[in-house]
Structure formats: C-alpha cells, structure tokens
Amino acid sequence: MSQVSSQVIPTTNSWAVRMADSALARYSLPRAHWHYEHGLVVKAIADVGAATGEKRYEQFVQAWVDHFVTPEGHIRTYRLEEFNLDQISPGRLLFPLYARDRDDRYAHALQLLYTQLQNQPRTHSGGFWHKQIYPYQMWLDGIYMAGPFYAEYARAFGKPEGFDDVARQVILIERQTRDPHSGLLYHAWDESRKQRWANPETGCSPHFWGRADGWFIMALVEILDLLPGEHPRRAELLSILARLARSLVDVQDASTGLWYQVLDQPQRPGNYGESSVTAMLVYSFARAVRKGYLTCEYLLAARRGYRGLLENQIKVGARGLLNLEGTCSVAGLGGRPYRDGSYEYYTREKIATNDFKGVGPFILAALEMDHDGAVAPEAE
C-alpha cells in the first residue's frame, strides 16, 4: 500500500473522510469481490484510516481482507491459472496486515500472488500479458494492477530482482505506447499486431483513453515510493513521469479543470470531462510534488482538477452522502462483443455514479489535497 504522511488529517470538512464514509455507508461486505475495483476503494479507505488514526477504517479493512483470506492462506474466488493482472492489485492490502501481525496466512496469500507474477505469460520483449486471454498484449492498466504490488513484495521480502522487473515493465510499455507528437500514451499495445484494434505498424490501440493514462501515472508515482533511491533505473522512471505529466497538463480543460474521456479531443461530439481520470491525475500530481518527483507547477494543475471535481462532479445526496458523477463504467479492448478502441466506443460506454474506479481515486486525491490545505468549494 502506498505510504501516507504521518501527519494526522483533521476530519472536519475533509472531503476524503466524507467520501470514505459515504462509500462505507453503501458497501456490503457479503457482496464484496476480490477484484481491482473493490481493492482500489478499500485501499483508499485504508489510507484514510492511516491518515486520520480512526480505528473504524482499520477494522473495515481487516474484515474485508479476512472475508477472502482463509486460515490456510488461500484467497477465496481467486484463480491463479487465469493469469489476470487485475487480480493482483487487491493483494496490496495484505502488506500492512502482515507487517503488523506476522500472520502466516497473509504471507501465504502474498506468496500466491507473487507466484502468479513469476509465471505470468510475457511478450517476447519481456512484458506481462494483461491476461491469459489477451495474448501478447500489454495494457497501461496492467502497470497499476501489478507494478506497485510487485515493488512492495520486492521490498517486504528481500527480492531486489523484482525492482528490476517492475522498472522494465514501466519502461517497455511507455516506450511502445508513447505518441511522439503529443507525448500521451495509447491505451494498449499488441506485440503480435493481430488484434483488429492494433495499428499494423506500431501495435498500439487507436486512442488516448483518459483512465488508462491515469492508471499508469498513479502506478508510476506509487512505484517510485517503493523503488530504492539508488536503483539504476530510477532516473528513467522520473523522466517518464515528468514527460507524461507535461503532456497531460497540455490537455487539461482550461475552463473546468477536468480531463476528458478521450484526452486529446475535447471539442469532438460525445466527449466529456471524466471523473476517474481527473481524480487519478489530481492524486498523482499532488503526491508527486509532495514527494519531490515533480516540480511545484503541477500542484497548480492538481488544484484546478480538484476544484473541477468538486464544482462539477460531486453532489450531496440522501443522508448527506457524497455522490461522484461522471465516471466511465468500463472500457477495454477485444473480447466479446468486440471492443475496437474507436472514439465512438470510448464515448458510448455507460457513465456511472459512485463507480469505485472514480470513488477510490477521488478519496486518494482528497487526501493529498488535505495535505496541501487547498481551499475548495462546498458541493451543491
């Protein structure tokens, strides 16, 4: 799990606390899933607990993890043989519990997920396939799903070769998906060039999907939190972060502060300011500035994005619970029915309220802005 400052965040008027409490009020543990979406929002709630010192958040996280991890260290509903990177990400919740209790069942569960990574199918160039069912494909999403877990496992269990592999994954996909003109990253890359969505020359998907770039930059910041300061490829990762951050600031909407579903085409019919990518970039920029990975100018972009979320996407509903509007519910490539990665595909997917892929990053972003002390408007 990513680190948070030891400074205690005041709960009064904290948007992070308000959204965490709203998410908890709507959450039903019997309906929980070992899935990256659930893992993301539970991780965000865990970070609120670490920042505030309030035990109720810690108790919820403990109950969530114990809902899945058996006394033998198996993970209910998890299937290693699927080789699905999405199923790695929730495992980050196990690290602080194992560090606290040294309970063998958490160690066994962590080892199970690490075993998947050691056997994950790879492209010829060494990149993880996103899933067994997506051969020779690397997706930006997959860097977030596996990278921070892999780096934290390397640190917790003394596997320095893991840091090398994590850095290789980041550098490889950035090199393959970066557009030389805009600096933005395409959603995915098919090394085999066999997918209908893949450019026959580059192997890249056709558009810059906002949340894909959001997943990648969040992962990069959190990996840098874990990567040893003396690691030989750390400077490369910092350069990637700076390069991508510059490109993302260039496509931030000047009037609302939001980022768009398709990043570089804000005026095209059907496009819209999307909540999850905006929250991801607010979080990543603010955290990266706080950790010294980016210069202070990016905090201004984070503040604009945060204000944009509060003014445009946050509403107060029944019982005073916060609602986050404007999150793309899902976007992928290939599969059945076939997702072709076209502009029309990305802009026609369902837009959801309180989707975990937006709520989790919003909580993380709000925590960072609590550290920043930025004044933000009340939701209406």
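The values are calculated or read from the model by the stated rules, or taken from the named source; none is laboratory data. Note that this is a predicted model, so its numbers are computed, not measured. Because the Cβ atoms are built from the backbone with ideal geometry, glycine has one as well, and the counts that use them run over all protein chains shown.
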Residue match in the stretch 108-122 (condition: hydroxyl-bearing (Ser, Thr, Tyr) and either touching a residue at least 60 places away in the same chain (Cβ under 8 Å) or in a loop (DSSP other than H, G, I, E, B) (or both)): no
Single unsatisfied condition, Gly317 versus (1) modelled with pLDDT of 95 or more; (2) surrounded by fewer than 21 Cβ atoms within 10 Å (Cβ to Cβ); (3) among the small types (Gly, Ala, Ser): (1)
So Tyr338, is it hydroxyl-bearing (Ser, Thr, Tyr) and either modelled with pLDDT under 95 or more than 23 Å from the chain's Cα centre (by Cα) (or both): yes
Matching residues, the stretch 65-92, being of a type in the set (A, V, I, L, M, F, W, C), crowded, with 19+ Cβ neighbours inside 10 Å, in contact with a helix residue (DSSP H, G or I) (Cβ under 6 Å, 6 or more places away or on another chain) and part of a helix (DSSP H, G or I): Val65, Leu85
Criterion (without any contact (Cβ under 8 Å) to a residue 24 or more places away in the chain, among the hydrophobic types (A, V, I, L, M, F, W, C) and either in a helix (DSSP H, G or I) or over 25 Å from Tyr345 (Cα atoms) (or both)) met by exactly one of Ala242, Ala198, Ala235, Ala212: Ala235
